[in-house]
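Only one structure is covered here, and it is reproduced in the block below.
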Amino acid sequence: MSVDISNAILVTGGAGFIGSNFVLQSLAHTGAPLINLDLLTYAGNPENLASLQGDSRYRLVQGDICDSELVASLLREHRPRAVVHFAAESHVDRSIADPRAFIRTNVEGTFNLLQQSRLYWAELDDRSKNAFRFLHVSTDEVYGSLGAEDPAFSETTPYAPNSPYAASKAASDHLARSYFHTWGLPVLTTNCSNNYGPFQFPEKLIPLVILNALERKALPVYGDGMNVRDWLFVEDHCAAIRTVLEHGRIGETYNIGGNSERTNIDVVTTICDLVDEMRPQAASAPRRNLITFVKDRPGHDRRYAIDASKISQELGWKPAEQFEGGLRKTVAWYLANTAWVEGVKTGAYRDWISKNYSERGNI
Ligand code: NAD
Ligand code: TYD
């Protein structure tokens, strides 16, 4: 017996930074139901989605993407038209401190989702088979590191992951590719540059520096501060994912980037100036004085840059936000949302900060 799909979407990792922005944006734009499968690790925060309380279109299921029975039963129950897969261990420094969870969630978890999706998809009627999508959310870090003069990463740049995080994401990308080529599962893959914006856990550079600057704590910059990242406002990333989901060609990968390459030291000084402007303290020294160079990350990739011409030419997507405007909005959001900020500074968060930075010295 063949079955047809509903208009629901199964999102994984929807309580994390990008996933929660995606859930909020999707529900604001469509009436389609959304099921969020999230283990609620240290990085998953249901408070990000508190505004959806009582919204019958949204359901949170606390569970593991590695749990094959759970994934199979959610697919059977909701018959989603798409799986949008964000769930991952996502922090490079944690992958250096302890890589095991990265292999489990990013590799095994993605494998399990692909496998259960394939079994579900095989039972669909032809119309539903054609309409179904599995969208795998990945990173530009799979491409390795660029020199100052190298051209930006394109979809044909060879994979050269350098951290356990990047290697686990590269493995998951290859698995996604194989499910399209071997079985025809309608897979789409997106490789995006560094995101910033509301709801980002303050272990990552931008929110960490905003919160430390507010409290006048040291602002840790790894190495010489000249590493370059290509920053994209998270809402632009979510809009790109929605575009690829609706219009992307199956089996293809799409690079997504902000066209905003900045050195880390540039990013940190800009945040200092924004916090000085928004929280002026007449008698105090400029927050730039808090910048502290600390021991570098081992294997620290020097530069990432994305060539996003494929998604722009094929699908018409472009980032709406410039880096300086997006950063201003982001600083303002962290200043305004004090309850959210206090809620994420748990004991586990403090333990990580103390572990990561005490080993680096100087702060
Ligand atoms: P995040 O760390 O903020 O959130 C990850 C979410 O996944 C959390 O809600 C967590 O609870 C959940 N999760 C972890 N393990 C799970 C498991 N086994 N089962 C179910 N849920 C689990 O991550 P993020 O920054 O929002 O990144 C989301 C995705 O986007 C990741 O796949 C990441 O590789 C990719 N990405 C991130 C960036 C970035 O700059 N943050 C850039 C490009 C791509
Ligand atoms: P991060 O936000 O961890 O993202 P990624 O490593 O995935 O690019 O780091 C962004 C850049 O900032 C990266 O070059 C490492 C650097 N960095 C610091 O200099 N200090 C810090 O405390 C952190 C967390 C990152």
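The table below lists the values:
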item	result
For the stretch 210-363, Kirkwood radius (reciprocal of mean inverse C-alpha pair distance, Å)	17.7
Alpha-carbon Debye profile of the stretch 295-363, log10 I(q)/I(0) at 0.19, 0.22 Å⁻¹	-1.03, -1.02
Distance from the stretch 174-205 to the stretch 8-69 (C-alpha centre basis), Å	16
Alpha carbon Rg of the stretch 279-324, scaled by the compact-globule rule 2.2 N^0.38 Å	2.03
Positive dipole terminus of the stretch 106-208, leading residue within H181, L119, Y165 (C-beta point charges)	L119
Descending semi-axes in Å of the stretch 1-159, equivalent ellipsoid built from Cα gyration tensor	28, 20, 17
14 Å tail of the calculated P(r), the stretch 11-72, as % of Cα pairs	50
Cα-based reach from K217 at 30 Å (exclusive), listing lysines while leaving out same-chain residues under 8 positions away	K204, K295, K329, K345, K355
Bridge type composition, the chain - antiparallel percent by DSSP, nearest 5	10
Cα Rg, Dmax (largest Cα-Cα span) when computed across the chain, Å	20.3, 75
Interchain or long-range residues, amide H under 5 Å from F153's placed H	A305, I306, D307
The stretch 223-289 - Rg over Rh from alpha carbon coordinates, Kirkwood radius	1.20
The stretch 102-260, dipole about Cα centre (Lys/Arg Cβ +1, Asp/Glu Cβ -1), debye to the nearest 20	360
Semi-axis lengths (Å, descending) of the ellipsoid that matches the C-alpha gyration tensor of the stretch 55-140	26, 14, 13
Helical contribution to [θ] at 222 nm, DSSP H n ≥ 4, -39,500 (n - 2.57), averaged over the chain, rounded to 500	-12500 deg cm²/dmol
Full-extension gain in nm, K295 to A72, via 0.36 nm per residue minus C-alpha separation	75.8 nm
Efficiency of FRET from Cβ geometry, E314 and A348, R₀ 45 Å, rounded to 0.05	0.60
Using distinct alpha-carbon pairs, which all enter the 1/r mean, Kirkwood radius of the stretch 134-274 in Å	16.5
5 angstrom amide H check on N195, placed H, neighbours 5+ away	L232
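Bear in mind these aren't lab numbers, they're just calculated from the coordinates by the rules spelled out. In this text the structure is predicted, and so the values were computed from the model without any measurement. Glycine also receives a Cβ, built like all others from the backbone with ideal geometry; neighbour counts cover every protein chain displayed.
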